[in-house]
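First up is the structure itself, then whatever we jot down about it.
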Amino acid sequence: MRKSHNKAELAEFVNRLTAAQFALQSYITFMVGNVEDAKDILQETNLTLWKEADKYDFDRPFLTWAKTVAAFQVKTFRTLQSRDRLLFDEELLARVAVEAEVENDMQRMLEALERCIVQMTLSQKALLKARYFQGRAVKAIAKAMCCSADSVSMLLFRIRDKLGACVENSLREEVPHASP
């Protein structure tokens with residue numbers, strides 16, 4: 001690594017790399033269609049990730065960056081092996097890459113939502129939990145709160161509106177950091 005990292009950053013990098021192994025293995029296996037080849041490509045991917053660790057931005061999702069590196073490793077593998085094997089066509093690989101990006105976008109939205117929920121008041125969190133995590137009906141919540149179902153519906157609407165705005169702001173704040 002060219003840039004010197006402190007011990008905490010190195011530990012965090014290793015934690016993220018370790019946590020990503022199953023997802024990377026699955027991603028690569030899907031791309032090449034062979035578990036043994038995928039293991040070899042994963043090793044090359046890990047080596048490249050380690051060599052390029054100084055380029056990783058800790059504010060960005062690790063798995064997105066790692067999958068980008070893995071995709072390049074798969075492409076290199078495909079180039080070297082194209083004479084010997086039946087491989088997925090480029091169109092399929094492009095679709096998989098798009099789906100991986102959509103998955104990443106969903107993950108970013110979920111992470112933003114989690115950050116926004118943490119900022120809610122205890123009563124707002126309790127209402128969200130009752131309605132969306134426990135699946136309780138609005139009428140049942142209203143009865144427990146000794147208020148009307150319309151009041152509960154309005155509270156839920158305001159909370160959803162607040163969460164939506166918070167998520168949008170959070171995602172907008174991420175844009176300046178955009179780099180794989």
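The values are calculated or read from the model by the stated rules, or taken from the named source; none is laboratory data. It should be emphasised that the depicted structure is a prediction, and the values quoted were computed from it without experimental measurement. So basically every Cβ, Gly included, is an ideal-geometry build from the backbone, and we count neighbours across all protein chains shown.
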Can you find a residue in segment 94-116 that is out of contact with any Phe, Trp or Tyr (no Cβ under 9 Å at 6 or more places or on another chain), surrounded by 12 or more Cβ atoms within 10 Å (Cβ to Cβ), not assigned by TED's automatic domain parsing to the domain that holds residue 74 and not in a helix (DSSP H, G or I)? no
Does segment 21-46 hold any residues that are surrounded by 12 or more Cβ atoms within 10 Å (Cβ to Cβ) and over 20 Å from residue 93 (Cβ atoms), and which are they? 21, 46
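The rows are residues; the columns are (1) closer than 23 Å to residue 98 by Cβ; (2) hydroxyl-bearing (Ser, Thr, Tyr); (3) not assigned by TED's automatic domain parsing to the domain that holds residue 22; (4) not in a loop (DSSP other than H, G, I, E, B).
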residue	(1), (2), (3), (4)
43	no, no, no, yes
50	no, no, no, yes
57	yes, no, no, no
60	yes, no, no, no
63	yes, no, no, yes
68	yes, yes, no, yes
71	yes, no, no, yes
75	yes, no, no, yes
78	yes, no, no, yes
With criteria (1) in contact with a Ser or Thr (Cβ under 9 Å, 6 or more places away or on another chain); (2) at pLDDT 80 or above, residue 101 comes up short on (2)
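Per-residue answers, yes or no, for (1) assigned to a helix (DSSP H, G or I); (2) among the aromatic types (Phe, Trp, Tyr); (3) over 30 Å from residue 63 (Cα atoms); (4) free of Cβ contacts under 8 Å to residues at least 60 places away in the same chain:
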site	(1), (2), (3), (4)
120	no, no, no, yes
126	yes, no, yes, yes
152	yes, no, yes, yes
165	yes, no, no, yes
171	yes, no, no, no
